[in-house]
Amino acid sequence: MQWTINNRVYQAEPDIRTSLLDLLREHLGLTGSKKGCDHGQCGACTILVNGRRVLGCLTLAVMHQDDAITTIEGLGTADAPHPLQAAFVTHDAYQCGYCTPGQICSAVGMLDEVARGWPSHASDDLTAPALSHAEIAERMSGNICRCAAYPNIVDAIAETAGLPGEDRQSRKDLAA
């Protein structure tokens, strides 16, 4: 069987019950995506499949042989980081770093959703949602950070999206 991951073709013969996350980590050595809860509750395993956010632990690898899969390894390099990777460093949004690959992949997918005009539960206007710090926090709520770096994560995403910064009290309110 073969998969296109980070614009490269990989071959493997996993059991048909193998999750996409386990294919990446255990069969292909792409360990950037993390296994947190293995139940789809933490978001640490978030990757992009055809540009959309997917929880790697909840989807079977065999379902995605014809899809374009992007992991954290495919977003940028140490010499040329993705803008979100650079913003996470600037805003100290990575703390321990365990959730960071999923947070960044989720943020890439989320920004694409906004660009496509897809509303969220926090959208004031369902026909043309405007990105705000509160909107970012809502859209990223499926990604847990046990270090509680949420305000920094929101700031990193907001900077990448070109939003102005918010004052400290607003950040405290978002973290609550």
- Message: Restricting to segment 58-86, give me the number of residues that are under 14 Å from Asp22 (Cα atoms) and in a helix (DSSP H, G or I).
- Response: 5
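Kindly establish whether Thr31 is in a loop (DSSP other than H, G, I, E, B), open to solvent by 30 Å² or more (accessible area, probe 1.4 Å), farther than 18 Å from Ser141 by Cα and modelled with pLDDT of 95 or more.
On the way: in a loop (DSSP other than H, G, I, E, B): yes; open to solvent by 30 Å² or more (accessible area, probe 1.4 Å): yes; farther than 18 Å from Ser141 by Cα: yes; modelled with pLDDT of 95 or more: yes.
The answer is yes for Thr31.
Go through segment 105-127 and report how many residues are free of Cβ contacts under 8 Å to residues at least 12 places away in the same chain and either open to solvent by less than 60 Å² (accessible area, probe 1.4 Å) or part of a loop (DSSP other than H, G, I, E, B) (or both).
Total meeting the criteria: 7.
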- Task: Take the residues in segment 64-87 that are in contact with a helix residue (DSSP H, G or I) (Cβ under 8 Å, 6 or more places away or on another chain) and open to solvent by 50 Å² or more (accessible area, probe 1.4 Å), then tell me which one is nearest to Val114 (Cα to Cα).
- Result: Pro83
- Message: If Leu58 meets every condition in (1) aliphatic (A, V, I, L, M); (2) surrounded by 15 or more Cβ atoms within 10 Å (Cβ to Cβ); (3) under 18 Å from Ile144 (Cα atoms) apart from one, which number is that one?
- Response: (2)
- Query: Exactly one of (1) at pLDDT 85 or above; (2) out of contact with any Asp or Glu (no Cβ under 8 Å at 6 or more places or on another chain) is unmet by Ser123. Its number?
  - Reply: (2)
- So Ala134, is it open to solvent by 30 Å² or more (accessible area, probe 1.4 Å), in a loop (DSSP other than H, G, I, E, B) and at pLDDT below 95: no
- Taking segment 60-82, which residues are at pLDDT 95 or above and among the polar types (S, T, N, Q)? Gln65, Thr70, Thr71
- Note on the structure: By residue number, the members of segment 149-161 that are open to solvent by 60 Å² or more (accessible area, probe 1.4 Å) and free of Cβ contacts under 8 Å to residues at least 40 places away in the same chain are Tyr150
- Message: Could you tell me how many of the residues in segment 2-14 are in a loop (DSSP other than H, G, I, E, B) and open to solvent by 70 Å² or more (accessible area, probe 1.4 Å)?
- Response: 2
- Out of the residues in segment 162-176 that are modelled with pLDDT under 90 and not in a helix (DSSP H, G or I), state the one that is most open to solvent (accessible area, probe 1.4 Å). Ala176
- Any residue in segment 72-85 that is touching a residue at least 60 places away in the same chain (Cβ under 8 Å) and touching an Asp or Glu at 6+ places or on another chain (Cβ under 6 Å)? no
- Task: Output the residues belonging to segment 15-28 that are open to solvent by less than 40 Å² (accessible area, probe 1.4 Å) and in contact with a Gly (Cβ under 9 Å, 6 or more places away or on another chain).
- Result: Ser19, Leu20, Leu21, Asp22, Leu23, Leu24
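The values are calculated or read from the model by the stated rules, or taken from the named source; none is laboratory data. The model shown is predicted, which means the values in this text are computed figures rather than measured ones. As a convention, Cβ positions derive from the backbone with ideal geometry for all residues, glycine included, and neighbour counts pool all protein chains shown. Accessible surface areas use protein heavy atoms only, side chains included; no ligands, DNA or RNA. Shrake-Rupley method; radii C 1.70, N 1.55, O 1.52, S 1.80 Å.
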